[in-house]
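Structure record follows, encoded as structure tokens.
The values are calculated or read from the model by the stated rules, or taken from the named source; none is laboratory data. This is a predicted model, so every value here is computed, not measured. Cβ placement follows ideal geometry from the backbone for every residue including glycine, while neighbour counts extend to all protein chains displayed. Heads up: the accessible areas ignore ligands, DNA and RNA and are worked out on the full protein's heavy atoms, side chains in. Shrake-Rupley method; radii C 1.70, N 1.55, O 1.52, S 1.80 Å.
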Amino acid sequence: MSEVDRAVSAPAAPPPYPDTPDMAHLHWRDPGLIGRVRLAFRVATIALVLVAFLPFYYLWRGLRLSNPWPKLFLRAVGRACGARVRIIGTPLKRDVFYISNHLSWLDIPVIAGRNGSSFVAQDGIKTWPVVGWLCRLNNTVFVSRGNRMGIAGQINELREALVETWAITVFPEGTTSDGSGLLPFKSPLLQVLDPPPPGVMVQPLYLDYGTSAHDIAWVGEETAPNNALRLFTRRGSFAVTLHFLEPFSPADFPGRKAIAAEARARIAAALSASLGGVPIV
């Protein structure tokens, strides 16, 4: 067989990044020596920051002071992963329920590193090594989709977390998307706002990774370890913009479904504008 025939018959090498995020788990490759160095550096940086901040976290907690250390730690995590965050709009400081679109686990350090909020997460994450413990340090409220009998207790936990941290962020899509659209919002995640606690506002939040969304998104069948490895070995930094949209009072809307619809409409409008006016269904 000639060299030309061999070149024609040889299968094409897969691209370094997939054509669609759904195929990302099939295309992750050994990052090589430089990638391993990036991985080691980023993991070591996060570990050192954690060790440095933990004593202060527990000291502030013991003194019952407002605890800034989870926010500072998560900001360091986002920066170590390459996120360079820009803010548009004015985030409310307290008594606020943020409703955001969702692309990746990285959304959590990116958002909380700026607004210091707690999060609502699936209860399965609670048992993850290290990650579950870190979530508890940030007063994450774990909810079970299948435990309908425990909804009242989960609502009470959300209310307590709101008192403790002054702000909660929820991802009502219930899972991650690739950033090019919005999934339906699941209104049961907003049950705590029906009826809303007195004085609490809702602030929609549009998370925009720009041209890096394709690389950052965690969707399809990609595993959590593979996605984390892709991000930790990724070259360089990337821009991410937090659009804090106009807040509204949930008391002005009749129930959690109407609240979810209003928040989604505002985020969809911001997403459409960032995509050049493409309609968001």
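Within segment 68-104, the set of residues being in contact with a helix residue (DSSP H, G or I) (Cβ under 8 Å, 6 or more places away or on another chain) and on the phi > 0 side of the Ramachandran plot comprises G82, D95. Could you figure out which of (1) hydrophobic (A, V, I, L, M, F, W, C); (2) assigned to a strand (DSSP E or B); (3) surrounded by fewer than 18 Cβ atoms within 10 Å (Cβ to Cβ) isn't true of L207? Here L207 clears every test but (3). The single condition among (1) open to solvent by less than 30 Å² (accessible area, probe 1.4 Å); (2) small (G, A, S); (3) at pLDDT below 95 that S100 does not meet is (3).
I need the full set of residues from segment 55-67 which are assigned to a helix (DSSP H, G or I) and out of contact with any helix residue (DSSP H, G or I) (no Cβ under 8 Å at 6 or more places or on another chain), in order please.
Scanning segment 55-67 gives P55, Y58, L59, R61, G62.
Of all the listed residues (V120, V143), the sole one being modelled with pLDDT under 75 and β-branched (V, I, T) is V143. Summed over segment 234-258, residues that are assigned to a helix (DSSP H, G or I) and free of Cβ contacts under 8 Å to residues at least 40 places away in the same chain total 2. Do you know which residues across segment 184-196 are under 20 Å from A121 (Cβ atoms), open to solvent by less than 60 Å² (accessible area, probe 1.4 Å) and not small (G, A, S)? Listed by number, the residues that qualify are F185, L189, L190, Q191, V192, L193.
Taking the criterion of being open to solvent by less than 10 Å² (accessible area, probe 1.4 Å), under 24 Å from S237 (Cβ atoms) and either of a type in the set (G, A, S) or touching a Gly at 6+ places or on another chain (Cβ under 7 Å) (or both), the residues of segment 110-122 that qualify are V110, A112, G113, S117. The residue list L229, L275 contains one member that is closer than 30 Å to D30 by Cβ and out of contact with any helix residue (DSSP H, G or I) (no Cβ under 6 Å at 6 or more places or on another chain), which is L229. Residue pairs whose Cβ atoms lie under 8 Å apart, sitting 6 or more positions apart in sequence or on different chains, and linking a residue in segment 29-54 that is within 20 Å of G78 (Cβ to Cβ) to a partner that is open to solvent by 40 Å² or more (accessible area, probe 1.4 Å) and not in a helix (DSSP H, G or I), are R38/P31; R38/R235; L39/P31.
Take the conditions within 20 Å of the chain's Cα centre (by Cα) and open to solvent by 40 Å² or more (accessible area, probe 1.4 Å) and apply them to G276. Does it pass? No. Looking at A270, A261, A228, can you tell me which residue is in contact (Cβ under 8 Å) with a residue 24 or more places away in the chain, outside any strand (DSSP E or B), within 13 Å of L190 (Cα to Cα) and hydrophobic (A, V, I, L, M, F, W, C)? Every option except A261 fails the conditions.
Being open to solvent by less than 40 Å² (accessible area, probe 1.4 Å), in contact with a strand residue (DSSP E or B) (Cβ under 7 Å, 6 or more places away or on another chain), over 14 Å from I99 (Cα atoms) and at pLDDT 90 or above narrows it down to one residue among V240, V202; which is it? The conditions single out V240.
Taking the condition of being part of a strand (DSSP E or B) and touching a residue at least 40 places away in the same chain (Cβ under 8 Å), how many residues in segment 71-127 meet it?
14
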